[in-house]
Structure formats: C-alpha cells, structure tokens
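Colleague: Handing you this structure, nothing more for now.
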Amino acid sequence: MDDNAQREMSLKELCNKLPPFHRVNKELSTLKIRLEGAEGLLKSTLDKLYRLDFTKGSRISFLIEELEGALRVKEGE
C-alpha cells in the first residue's frame, strides 16, 4: 500500500470510531435545552431576589424553600 492509500485507510478507521452525527446532534440539543432551563431558573431566582423585602424573614425562607424545590426537580431529570 502506498502512503496515500495508508492515510485514506487511517482516516476511514478514524471516521468509523466517531459517533454518528445524528446522535451527537441530539445530545447537543438536549444540552442546549438543559442550559436554557438553567438560565430560566437563574433569571427567575434573580427576579425574586430583587423583589425581596429583607425586613421580612418569611420571604427569605420562602425563597430558600422554592430554590431547594427547583433543585430537587432539576436533579430528578
């Protein structure tokens, strides 16, 4: 086998080891959805923090409970 044929075979072997494009694309889409969900959760949390009245302890405990609940939901996915 000449050099070019050897390189071509090596390239084909490498391509065969790569996961199929559709599977990679699906995994990237899933990751994007999860990141968008996390972004939404962070924005929602920031909105609630801005609206907090720090003179009322009950509002802070409510926010903590809500965040803990959101984290449990996210971890359960």
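Colleague: Pop a pseudo-label 7 angstrom from the Cα along the beta-carbon direction at both THR30 and MET9 and give the gap in nm to one decimal.
Modeller: 3.6
Colleague: Tell me, in nm to one decimal, what length is gained between ALA70 and LEU46 on full extension, where the rule is 0.36 nm per residue of separation less the Cα-Cα distance?
Modeller: 7.3 nm
Colleague: Can you put LEU28, LEU63 in order of Cβ neighbours within 10 angstrom, beginning with the fewest?
Modeller: LEU28, LEU63
Colleague: Of the listed peptides 64-72, 17-25, what is their order by residue-averaged count of other C-beta atoms within 10 Å, with the highest listed first?
Modeller: Numbers: 64-72: 11.2, 17-25: 8.8.
Listed from highest to lowest mean packing, they are 64-72, 17-25.
The numbers here are math on the coordinates, done by the rules we state, and not lab data. A quick note: this is a predicted structure, and the numbers were derived from the prediction, not measured. Ideal geometry is used to build each Cβ from the backbone, glycine not excepted, and the neighbour counts take in all protein chains shown.
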